[in-house]
Structure formats: structure tokens, C-alpha cells
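Any read-out appearing in this document is the output of simple, stated calculations on the displayed coordinates, not a laboratory observation. Not measured: the values here are computed from a predicted model. Please note: Cβ atoms are built from the backbone with ideal geometry, for glycine as well, and neighbour counts cover all protein chains shown.
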Amino acid sequence: MAAKKATATIPIVFSVGDDPVKVGLVASLNHPGGNVTGVSVVIGTLGAKKLGLLHEIVPKASVIGLLENPTLAAVKDRLSNVQEAARSIGQPIQVFYASDEPTLEATFSRLAQSGVGALVVGADAFFNSRRDQLVALAARYTIPAIYETRDYVVAGGLMSYGTKLAEGYHQVGIYTGRILKGDKPGDLPVVQSSKFELVINMKTAKVLGLAVPNSMQLLADEMIE
């Protein structure tokens, strides 16, 4: 958004997790217009799906927490989607916020004190940059958590559901190349990710004392032993 405000002529190619129309990056997905186009990796709108998966593996959690970055433009829409999903399954949730490293430490302490039985971690670049810290904090407080990408699960997190970000970044490179060869960004439709993956760390599940339902094991694209 800062780049868009800075120039109306230099081509901009983005990769974003939320709806680029709603956050004001482009006029429409099919006809972006102007000097901006890119890829929507759809990770920001998967909070409701992640809540459902976490509820399935931790059905006895009296309260499930939702961790979001309050500085995100689409945070209200994200919260609304998850809250609606929570009501539909009768699952109480509690929202927590963090936007810097010290806040993360304090937030997990509050999570534990609040009796949160599981945690949905929102899709966010800051959270990605603190992936190891988030996984370590979840382990320290024995809180089952679901994240946006496989990288968290490889690092020891319980599970993830989302798109393959590398594919989105690859498409950013393709569009950048086309623009350098003369294509106009406003004529290139925004690409939307259509492939999603569920990854489960079975070792972490065992440490947390969780039994992964057979139905979820069948759905999983990968189970890390």
C-alpha cells in the first residue's frame, strides 16, 4: 500500500494474503487497472477453515484463541469470518493481538492464564518472521496451534493449513518478467491460489497428548513423523 501511494507509474507486483480488492490494491481481480497487479495467496481468509480443523483435533477445548496482528488492514474481516464460524459450531473463542516480539511473549502468558485450550495463528508476515519463537512459545505453554504454512510444522508446530507460498512467489516472478518485456500491469489479471495443503506433525500431537482422527489423517497432504 505504501508503494502504491508513492507512485502511479512504476509497475508494482504484489503477493498478498487478503482480498486485494477489499484492501484497495486493485479495482478488480480480472481488470486491475493502473500500475498494480500480482497474486492473492488467499491465506488471510482461511481462519474459519483453520478453526474447524483445530476444533476437530482438540474438541474438548473450552476456549480457542485467535492470534492476529492488529495493524493489518483486513483484520476486522478476518475476525468476523472466524467469529461467525465459531458461532456455527458452538465454539467459544477469545481474540489476542501481537505486532512485535515483546508482545508475543506477553500474549502467550495471557493465553495460558485465560485457559485457552488451542490457538489459531493468523496469517501474517510478522508472525512468519517469528516462526521459531511462536512454535517454541506454543510448546512451552503446551498449547496446540494451527498455522498458515508447512514451515511452522517442520519447525515443530502441530499443524498447518494454507497455500504453498512458493508457488505464489514464482508467479510474482513470472508477472515481473512479463512487465519487463512490455506487458502493462493493469492488463494482467490478479492470480488467485487454488491449491491448499494440510500438514500435521504427528510427533508434536503425541507430545501434546492428542489423538489425530483417522478422517483428518486421510485428509492430510503430509504427516511429519
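The table that follows gives values for the structure above.
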{"quantity": "Principal-axis tilt of helix 165-180 within the chain, Cα atoms, nearest 10 degrees", "calculated": "10 degrees"}
{"quantity": "Region 43-163: proportion of alpha-carbon pairs further apart than 19 angstrom, %", "calculated": "39 percent"}
{"quantity": "Using alpha-carbon coordinates, inclination of helix 75-89 to the longest axis of the chain, degrees", "calculated": "40 degrees"}
{"quantity": "Translational D in µm²/s for region 92-156 (Stokes-Einstein at 10 °C, 1.306 mPa s, Kirkwood Rh from C-alpha pairs)", "calculated": "133 µm²/s"}
{"quantity": "Cross-link pairs beyond the 26 Å C-alpha cut-off, checked among 60/164; 76/184; 5/195; 50/76", "calculated": "60/164; 76/184; 5/195"}
{"quantity": "Within-9-Å neighbourhood charge of residue 96 [Cβ basis; K, R +1; D, E -1]", "calculated": "0"}
